[in-house]
Amino acid sequence: MADALFKDSINPATVAEQAAAVVRVHPAFDAAGFTAQATADLHTLELKDRVKHVASALRAHLPDDWTQTTQILIAAMPPALPTAEKVASTFAWWPFVQVVEDYGVDEPEQSLTTLHTLTQTFSGEFAIRRFIVQYPHIAFPVLAQWVTDANVHVRRLVSEGSRPRLPWGIRLQALVVDPSPTLPFLETLKDDDEEYVRRSVANHLNDISKDHPEVVLDIAERWSVDAKPNLKRLIKHALRGLIKAGDARALAVIGFTKPVVSDVLVDVSPAVIHLGGAVTVSVTLTAGATQGLMMDMALIRPTKSGMSTKVFKGVSKSATAGDSVQLKKKLAIKKVTTRVYYPGEHRVDVVVNGVVVGSGRFELTTPD
(Lines give C-alpha, C1' and ligand atoms only; values in the text may rest on other atoms or scores of the structure.)
Protein backbone atom coordinates (compact mmCIF):
# COMPACT_ATOMS: atom_id res chain seq x y z
CA MET A 1 0.00 0.00 0.00
CA ALA A 2 1.30 3.43 -0.90
CA ASP A 3 0.93 6.60 1.14
CA ALA A 4 -0.46 8.59 -1.77
CA LEU A 5 -3.14 6.00 -2.48
CA PHE A 6 -4.65 6.00 1.00
CA LYS A 7 -3.74 9.23 2.79
CA ASP A 8 -6.81 11.07 1.52
CA SER A 9 -9.03 8.48 3.20
CA ILE A 10 -8.12 10.31 6.42
CA ASN A 11 -9.92 13.62 5.86
CA PRO A 12 -12.36 16.04 7.52
CA ALA A 13 -15.35 13.97 6.40
CA THR A 14 -14.03 10.78 7.99
CA VAL A 15 -13.09 12.70 11.13
CA ALA A 16 -16.70 13.90 11.34
CA GLU A 17 -17.89 10.33 10.84
CA GLN A 18 -15.69 9.14 13.70
CA ALA A 19 -16.90 11.95 15.95
CA ALA A 20 -20.54 10.99 15.30
CA ALA A 21 -19.77 7.33 15.99
CA VAL A 22 -18.17 8.12 19.35
CA VAL A 23 -20.99 10.46 20.39
CA ARG A 24 -23.54 7.72 19.74
CA VAL A 25 -21.93 5.47 22.34
CA HIS A 26 -20.48 8.18 24.60
CA PRO A 27 -22.70 11.31 24.59
CA ALA A 28 -20.25 13.25 26.78
CA PHE A 29 -17.67 13.22 23.97
CA ASP A 30 -16.65 16.72 22.88
CA ALA A 31 -17.16 16.16 19.16
CA ALA A 32 -16.47 19.79 18.24
CA GLY A 33 -13.22 19.91 20.20
CA PHE A 34 -12.06 16.60 18.76
CA THR A 35 -12.93 17.67 15.22
CA ALA A 36 -11.12 20.98 15.53
CA GLN A 37 -7.97 19.31 16.87
CA ALA A 38 -8.06 16.38 14.44
CA THR A 39 -8.55 18.49 11.31
CA ALA A 40 -6.03 21.21 12.16
CA ASP A 41 -3.38 21.12 9.40
CA LEU A 42 -4.51 17.61 8.49
CA HIS A 43 -4.15 18.27 4.76
CA THR A 44 -0.42 18.99 5.18
CA LEU A 45 0.37 15.55 6.59
CA GLU A 46 1.25 12.25 4.95
CA LEU A 47 -0.66 9.08 5.71
CA LYS A 48 0.91 7.78 8.92
CA ASP A 49 1.22 11.27 10.34
CA ARG A 50 -2.48 11.81 9.64
CA VAL A 51 -3.33 8.59 11.45
CA LYS A 52 -1.27 9.55 14.50
CA HIS A 53 -2.61 13.11 14.44
CA VAL A 54 -6.24 11.97 14.55
CA ALA A 55 -5.41 9.31 17.15
CA SER A 56 -3.84 11.98 19.36
CA ALA A 57 -6.98 14.10 19.13
CA LEU A 58 -9.13 11.08 19.97
CA ARG A 59 -7.11 10.24 23.05
CA ALA A 60 -7.22 13.85 24.24
CA HIS A 61 -11.02 13.81 24.23
CA LEU A 62 -11.66 10.32 25.62
CA PRO A 63 -11.76 9.39 29.33
CA ASP A 64 -8.50 9.06 31.24
CA ASP A 65 -9.52 5.57 32.33
CA TRP A 66 -8.04 3.19 29.76
CA THR A 67 -10.65 0.46 30.18
CA GLN A 68 -13.44 2.96 29.58
CA THR A 69 -11.63 4.38 26.55
CA THR A 70 -11.18 0.95 24.98
CA GLN A 71 -14.83 0.11 25.57
CA ILE A 72 -15.81 3.30 23.73
CA LEU A 73 -13.47 2.53 20.83
CA ILE A 74 -14.90 -0.98 20.50
CA ALA A 75 -18.50 0.23 20.67
CA ALA A 76 -17.93 3.06 18.16
CA MET A 77 -15.98 0.99 15.61
CA PRO A 78 -17.99 -0.09 12.55
CA PRO A 79 -19.11 -3.74 12.45
CA ALA A 80 -16.58 -6.46 11.75
CA LEU A 81 -15.98 -7.28 8.09
CA PRO A 82 -17.45 -10.73 7.47
CA THR A 83 -14.76 -11.74 4.96
CA ALA A 84 -11.36 -10.65 3.72
CA GLU A 85 -12.99 -8.56 1.00
CA LYS A 86 -13.26 -4.76 1.14
CA VAL A 87 -10.58 -4.39 3.83
CA ALA A 88 -9.46 -1.13 2.22
CA SER A 89 -12.96 0.29 2.71
CA THR A 90 -12.31 0.68 6.46
CA PHE A 91 -8.94 2.42 6.10
CA ALA A 92 -10.28 5.64 7.62
CA TRP A 93 -10.74 3.84 10.95
CA TRP A 94 -7.04 3.18 11.40
CA PRO A 95 -6.82 6.01 14.02
CA PHE A 96 -8.95 3.94 16.42
CA VAL A 97 -6.35 1.17 16.27
CA GLN A 98 -3.55 3.73 16.48
CA VAL A 99 -4.93 4.95 19.80
CA VAL A 100 -4.27 1.48 21.21
CA GLU A 101 -0.75 1.39 19.79
CA ASP A 102 0.23 4.85 20.99
CA TYR A 103 -1.50 5.02 24.37
CA GLY A 104 -2.27 1.48 25.52
CA VAL A 105 1.19 0.04 25.92
CA ASP A 106 1.07 0.32 29.73
CA GLU A 107 -2.09 -1.82 29.80
CA PRO A 108 -1.08 -4.78 27.61
CA GLU A 109 -3.81 -7.24 28.55
CA GLN A 110 -6.65 -4.78 28.02
CA SER A 111 -5.05 -3.43 24.86
CA LEU A 112 -4.62 -6.87 23.31
CA THR A 113 -8.22 -7.70 24.10
CA THR A 114 -9.22 -4.47 22.36
CA LEU A 115 -7.11 -5.27 19.31
CA HIS A 116 -8.84 -8.65 19.05
CA THR A 117 -12.06 -6.77 18.31
CA LEU A 118 -10.77 -3.77 16.38
CA THR A 119 -8.71 -5.88 13.98
CA GLN A 120 -11.90 -7.47 12.71
CA THR A 121 -12.76 -4.11 11.11
CA PHE A 122 -9.29 -2.66 10.44
CA SER A 123 -6.14 -4.69 10.90
CA GLY A 124 -4.14 -4.30 14.11
CA GLU A 125 -1.01 -5.69 12.42
CA PHE A 126 0.99 -2.52 13.11
CA ALA A 127 -0.36 -1.84 16.60
CA ILE A 128 0.31 -5.30 18.00
CA ARG A 129 4.02 -5.06 17.26
CA ARG A 130 4.56 -2.62 20.13
CA PHE A 131 3.24 -5.27 22.51
CA ILE A 132 5.31 -8.06 20.96
CA VAL A 133 8.44 -5.95 21.48
CA GLN A 134 7.68 -4.86 25.05
CA TYR A 135 5.71 -7.82 26.35
CA PRO A 136 6.65 -10.97 24.42
CA HIS A 137 5.81 -13.10 27.48
CA ILE A 138 2.24 -11.75 27.28
CA ALA A 139 1.82 -11.32 23.53
CA PHE A 140 2.96 -14.74 22.34
CA PRO A 141 0.59 -16.78 24.56
CA VAL A 142 -2.25 -14.54 23.37
CA LEU A 143 -1.28 -15.10 19.73
CA ALA A 144 -1.14 -18.83 20.40
CA GLN A 145 -4.80 -18.66 21.46
CA TRP A 146 -5.81 -16.53 18.48
CA VAL A 147 -4.28 -18.91 15.94
CA THR A 148 -7.50 -20.96 15.98
CA ASP A 149 -9.89 -18.03 16.42
CA ALA A 150 -13.17 -18.21 14.53
CA ASN A 151 -12.56 -14.83 12.88
CA VAL A 152 -10.40 -14.75 9.75
CA HIS A 153 -9.02 -11.28 10.55
CA VAL A 154 -7.83 -12.40 13.98
CA ARG A 155 -6.11 -15.47 12.56
CA ARG A 156 -4.40 -13.37 9.91
CA LEU A 157 -3.28 -10.91 12.59
CA VAL A 158 -1.33 -13.70 14.27
CA SER A 159 0.84 -14.16 11.20
CA GLU A 160 0.87 -10.64 9.77
CA GLY A 161 1.38 -8.85 13.07
CA SER A 162 4.37 -11.00 13.99
CA ARG A 163 6.17 -10.80 10.62
CA PRO A 164 9.80 -9.88 11.37
CA ARG A 165 10.01 -7.30 8.57
CA LEU A 166 6.43 -6.14 7.99
CA PRO A 167 6.40 -3.17 5.56
CA TRP A 168 5.34 0.06 7.31
CA GLY A 169 5.62 -1.67 10.70
CA ILE A 170 8.39 -1.45 13.26
CA ARG A 171 10.96 -4.18 12.74
CA LEU A 172 10.73 -7.03 15.24
CA GLN A 173 14.48 -7.35 15.69
CA ALA A 174 14.27 -10.22 18.16
CA LEU A 175 12.38 -12.24 15.54
CA VAL A 176 14.81 -11.19 12.83
CA VAL A 177 17.52 -12.78 14.95
CA ASP A 178 15.46 -15.80 16.05
CA PRO A 179 12.18 -16.50 14.21
CA SER A 180 11.43 -19.70 16.13
CA PRO A 181 8.67 -18.22 18.39
CA THR A 182 6.34 -17.69 15.40
CA LEU A 183 6.98 -20.97 13.58
CA PRO A 184 4.31 -22.92 15.50
CA PHE A 185 1.76 -20.28 14.47
CA LEU A 186 2.67 -20.69 10.81
CA GLU A 187 2.51 -24.45 11.13
CA THR A 188 -1.15 -24.22 12.13
CA LEU A 189 -2.12 -21.40 9.77
CA LYS A 190 -0.59 -22.96 6.64
CA ASP A 191 -3.75 -25.07 6.23
CA ASP A 192 -6.19 -22.26 6.97
CA ASP A 193 -9.37 -22.29 4.89
CA GLU A 194 -8.84 -18.65 3.86
CA GLU A 195 -6.36 -17.57 1.18
CA TYR A 196 -6.14 -14.23 3.04
CA VAL A 197 -4.51 -16.04 5.96
CA ARG A 198 -2.36 -18.39 3.88
CA ARG A 199 -1.00 -15.44 1.89
CA SER A 200 0.15 -13.84 5.13
CA VAL A 201 1.91 -17.07 6.12
CA ALA A 202 3.76 -17.00 2.80
CA ASN A 203 4.79 -13.37 3.30
CA HIS A 204 5.91 -14.15 6.85
CA LEU A 205 8.13 -16.97 5.59
CA ASN A 206 9.52 -14.73 2.86
CA ASP A 207 10.50 -12.26 5.60
CA ILE A 208 12.31 -15.03 7.47
CA SER A 209 14.08 -16.20 4.31
CA LYS A 210 15.93 -12.89 4.08
CA ASP A 211 17.81 -13.70 7.29
CA HIS A 212 17.44 -17.47 7.69
CA PRO A 213 17.04 -19.06 4.25
CA GLU A 214 17.90 -22.53 5.53
CA VAL A 215 15.07 -22.39 8.08
CA VAL A 216 12.53 -21.58 5.37
CA LEU A 217 13.96 -24.12 2.95
CA ASP A 218 13.73 -26.85 5.57
CA ILE A 219 10.09 -25.92 6.21
CA ALA A 220 9.26 -25.73 2.51
CA GLU A 221 10.79 -29.12 1.79
CA ARG A 222 8.86 -30.71 4.63
CA TRP A 223 5.56 -29.06 3.74
CA SER A 224 5.91 -29.90 0.05
CA VAL A 225 5.65 -33.66 0.66
CA ASP A 226 2.18 -34.64 -0.64
CA ALA A 227 1.16 -30.97 -0.51
CA LYS A 228 -2.26 -30.05 -1.85
CA PRO A 229 -2.66 -27.18 -4.37
CA ASN A 230 -3.33 -24.47 -1.76
CA LEU A 231 -0.20 -25.36 0.17
CA LYS A 232 1.85 -25.60 -3.02
CA ARG A 233 0.86 -22.03 -3.90
CA LEU A 234 1.75 -20.88 -0.40
CA ILE A 235 5.17 -22.52 -0.59
CA LYS A 236 5.96 -21.02 -3.98
CA HIS A 237 4.99 -17.54 -2.81
CA ALA A 238 7.01 -17.97 0.39
CA LEU A 239 10.09 -18.92 -1.62
CA ARG A 240 9.77 -16.12 -4.18
CA GLY A 241 12.81 -14.23 -2.96
CA LEU A 242 14.98 -17.34 -3.00
CA ILE A 243 13.56 -18.40 -6.36
CA LYS A 244 14.40 -15.01 -7.86
CA ALA A 245 17.92 -15.35 -6.47
CA GLY A 246 18.22 -18.74 -8.19
CA ASP A 247 18.55 -20.80 -5.01
CA ALA A 248 18.85 -24.42 -6.14
CA ARG A 249 17.02 -25.86 -3.12
CA ALA A 250 14.12 -23.45 -3.53
CA LEU A 251 13.85 -24.27 -7.22
CA ALA A 252 13.92 -27.99 -6.48
CA VAL A 253 10.98 -27.60 -4.08
CA ILE A 254 8.82 -26.21 -6.89
CA GLY A 255 9.92 -28.88 -9.33
CA PHE A 256 13.04 -27.51 -11.01
CA THR A 257 15.81 -29.96 -10.15
CA LYS A 258 19.47 -29.94 -11.23
CA PRO A 259 19.40 -29.37 -15.00
CA VAL A 260 20.60 -31.90 -17.54
CA VAL A 261 21.67 -29.78 -20.51
CA SER A 262 24.45 -29.67 -23.09
CA ASP A 263 25.69 -27.66 -26.08
CA VAL A 264 25.14 -24.37 -24.30
CA LEU A 265 25.82 -21.37 -26.54
CA VAL A 266 25.74 -17.82 -25.18
CA ASP A 267 26.02 -14.78 -27.44
CA VAL A 268 26.19 -11.25 -26.05
CA SER A 269 26.11 -8.40 -28.54
CA PRO A 270 27.36 -5.86 -29.07
CA ALA A 271 30.64 -6.62 -27.36
CA VAL A 272 31.08 -3.01 -26.24
CA ILE A 273 28.38 -0.56 -25.18
CA HIS A 274 28.27 2.89 -23.64
CA LEU A 275 26.26 3.62 -20.49
CA GLY A 276 22.67 4.09 -21.60
CA GLY A 277 22.87 1.36 -24.20
CA ALA A 278 21.77 -2.26 -24.15
CA VAL A 279 23.04 -5.72 -24.95
CA THR A 280 21.09 -8.62 -26.38
CA VAL A 281 21.81 -12.01 -24.81
CA SER A 282 20.89 -15.05 -26.91
CA VAL A 283 21.07 -18.53 -25.42
CA THR A 284 20.66 -21.93 -27.05
CA LEU A 285 21.00 -25.25 -25.26
CA THR A 286 19.99 -28.86 -25.64
CA ALA A 287 17.93 -30.66 -23.00
CA GLY A 288 19.43 -33.98 -21.96
CA ALA A 289 16.31 -35.33 -20.25
CA THR A 290 12.62 -34.65 -19.73
CA GLN A 291 12.60 -31.86 -17.19
CA GLY A 292 11.34 -28.44 -16.23
CA LEU A 293 13.78 -25.64 -17.01
CA MET A 294 13.71 -22.24 -15.33
CA MET A 295 16.11 -20.09 -17.30
CA ASP A 296 17.29 -16.77 -15.88
CA MET A 297 20.15 -14.37 -16.49
CA ALA A 298 22.43 -12.87 -13.87
CA LEU A 299 24.36 -9.69 -14.58
CA ILE A 300 27.62 -9.57 -12.64
CA ARG A 301 28.98 -6.06 -12.63
CA PRO A 302 31.93 -4.33 -10.95
CA THR A 303 31.25 -2.03 -8.01
CA LYS A 304 33.42 0.30 -5.98
CA SER A 305 34.19 -2.45 -3.46
CA GLY A 306 33.88 -5.65 -5.50
CA MET A 307 31.20 -7.28 -7.63
CA SER A 308 27.40 -7.21 -7.56
CA THR A 309 24.80 -9.57 -9.05
CA LYS A 310 21.37 -8.69 -10.42
CA VAL A 311 19.07 -11.49 -11.57
CA PHE A 312 16.77 -11.01 -14.54
CA LYS A 313 13.92 -13.48 -14.77
CA GLY A 314 13.74 -15.40 -18.01
CA VAL A 315 11.35 -18.21 -18.88
CA SER A 316 10.09 -21.50 -17.50
CA LYS A 317 9.73 -24.35 -19.99
CA SER A 318 9.09 -28.06 -20.08
CA ALA A 319 11.55 -29.92 -22.26
CA THR A 320 12.14 -33.47 -23.37
CA ALA A 321 15.47 -35.11 -24.16
CA GLY A 322 16.97 -33.69 -27.33
CA ASP A 323 14.87 -30.52 -27.40
CA SER A 324 16.65 -27.33 -28.44
CA VAL A 325 15.71 -24.55 -26.02
CA GLN A 326 16.26 -20.84 -26.69
CA LEU A 327 16.17 -17.71 -24.58
CA LYS A 328 16.71 -14.18 -25.83
CA LYS A 329 16.70 -11.12 -23.61
CA LYS A 330 17.64 -7.47 -23.97
CA LEU A 331 19.43 -5.98 -20.96
CA ALA A 332 19.37 -2.19 -20.76
CA ILE A 333 22.30 -0.64 -18.92
CA LYS A 334 20.88 2.73 -17.98
CA LYS A 335 21.87 5.29 -15.39
CA VAL A 336 19.54 5.03 -12.39
CA THR A 337 19.55 6.53 -8.91
CA THR A 338 19.61 3.16 -7.14
CA ARG A 339 22.92 1.91 -8.52
CA VAL A 340 26.19 3.15 -10.00
CA TYR A 341 27.66 1.50 -13.08
CA TYR A 342 31.44 1.32 -13.40
CA PRO A 343 33.32 0.83 -16.63
CA GLY A 344 34.95 -2.47 -17.47
CA GLU A 345 34.03 -6.06 -18.15
CA HIS A 346 30.51 -7.20 -17.25
CA ARG A 347 29.52 -10.86 -17.20
CA VAL A 348 26.14 -12.39 -17.96
CA ASP A 349 25.59 -15.83 -16.47
CA VAL A 350 22.90 -18.11 -17.82
CA VAL A 351 21.28 -19.74 -14.79
CA VAL A 352 19.16 -22.85 -15.29
CA ASN A 353 17.38 -24.23 -12.24
CA GLY A 354 19.79 -22.35 -10.02
CA VAL A 355 22.91 -23.64 -11.80
CA VAL A 356 25.19 -21.51 -13.99
CA VAL A 357 25.46 -23.37 -17.31
CA GLY A 358 27.17 -20.75 -19.43
CA SER A 359 28.39 -17.15 -19.54
CA GLY A 360 28.99 -14.26 -21.90
CA ARG A 361 30.74 -10.94 -21.50
CA PHE A 362 30.62 -7.36 -22.71
CA GLU A 363 32.59 -4.19 -22.06
CA LEU A 364 30.90 -1.10 -20.60
CA THR A 365 32.26 2.39 -21.12
CA THR A 366 31.10 5.37 -19.06
CA PRO A 367 31.63 9.13 -19.23
CA ASP A 368 34.89 10.31 -17.68
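Values computed for the structure shown
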| read-out | value |
| --- | --- |
| Checklist (1) assigned to a helix (DSSP H, G or I); (2) in contact with a Ser or Thr (Cβ under 7 Å, 6 or more places away or on another chain); (3) within 24 Å of His26 (Cα to Cα); (4) of a type outside the set (Val, Ile, Thr) applied to His153, failing item | (3) |
| Matching entry among Lys228, Lys334, Lys232 (being under 23 Å from the mean Cα position of the chain (by Cα) and of a type in the set (Lys, Arg)) | Lys232 |
| Qualifying residue in region 133-142 (condition: in contact (Cβ under 8 Å) with a residue 40 or more places away in the chain, crowded, with 16+ Cβ neighbours inside 10 Å and closer than 20 Å to Arg199 by Cα) | no |
| Filter pass, Val311 being buried (at least 18 other Cβ atoms within 10 Å of the Cβ), of a type in the set (A, V, I, L, M, F, W, C) and either under 28 Å from the mean Cα position of the chain (by Cα) or in the same structural domain as Ile333 (by TED's automatic domain parsing) (or both) | no |
| Answer residue from region 75-114, given it is of a type in the set (Val, Ile, Thr) and within 24 Å of Phe34 (Cα to Cα) and is surrounded by the fewest Cβ atoms within 10 Å (Cβ to Cβ) among those | Val105 |
| Cross-chain or 6+ apart pairs with Cβ under 8 Å, region 159-173 first and free of Cβ contacts under 8 Å to residues at least 12 places away in the same chain, then of a type in the set (Lys, Arg) | Arg171/Arg165 |
| Test result for Ala252, buried (at least 17 other Cβ atoms within 10 Å of the Cβ), of a type outside the set (Ser, Thr, Tyr) and modelled with pLDDT under 95 | yes |
| Matching residues in region 72-120 - criterion: being within 25 Å of Ile138 (Cα to Cα), among the polar types (S, T, N, Q) and part of a helix (DSSP H, G or I) | Gln98, Gln110, Ser111, Thr113, Thr114, Thr117 |
| Cross-chain or 6+ apart pairs with Cβ under 7 Å, region 44-65 first and at pLDDT 95 or above, then in a loop (DSSP other than H, G, I, E, B) | Arg50/Ile10; Val51/Ile10; His53/Leu45; Val54/Ile10; His61/Phe29; His61/Asp30 |
| Residue in region 51-63 that is surrounded by fewer than 16 Cβ atoms within 10 Å (Cβ to Cβ), over 18 Å from Leu115 (Cα atoms) and of a type outside the set (Phe, Trp, Tyr) present | yes |
| Members of region 55-71 found to be in a helix (DSSP H, G or I) and either of a type in the set (D, E, K, R) or under 23 Å from Thr14 (Cβ atoms) (or both), listed by number | Ala55, Ser56, Ala57, Leu58, Arg59, Ala60, Thr69, Thr70, Gln71 |
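Per-residue answers, yes or no, for (1) closer than 24 Å to Pro343 by Cβ; (2) surrounded by 18 or more Cβ atoms within 10 Å (Cβ to Cβ); (3) in contact (Cβ under 8 Å) with a residue 60 or more places away in the chain:
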| position | (1), (2), (3) |
| --- | --- |
| Phe256 | no, yes, yes |
| Asp263 | no, no, no |
| Val266 | yes, yes, yes |
| Pro270 | yes, no, yes |
| His274 | yes, no, yes |
| Ala278 | yes, no, no |
| Leu285 | no, yes, yes |
| Asp296 | no, yes, no |
| Ile300 | yes, no, no |
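The values are calculated or read from the model by the stated rules, or taken from the named source; none is laboratory data. Since the model is a prediction, treat every value here as computed from it, not as a measurement. All Cβ positions, even for glycine, are placed from backbone atoms using ideal geometry, and neighbour counts span all protein chains on display.
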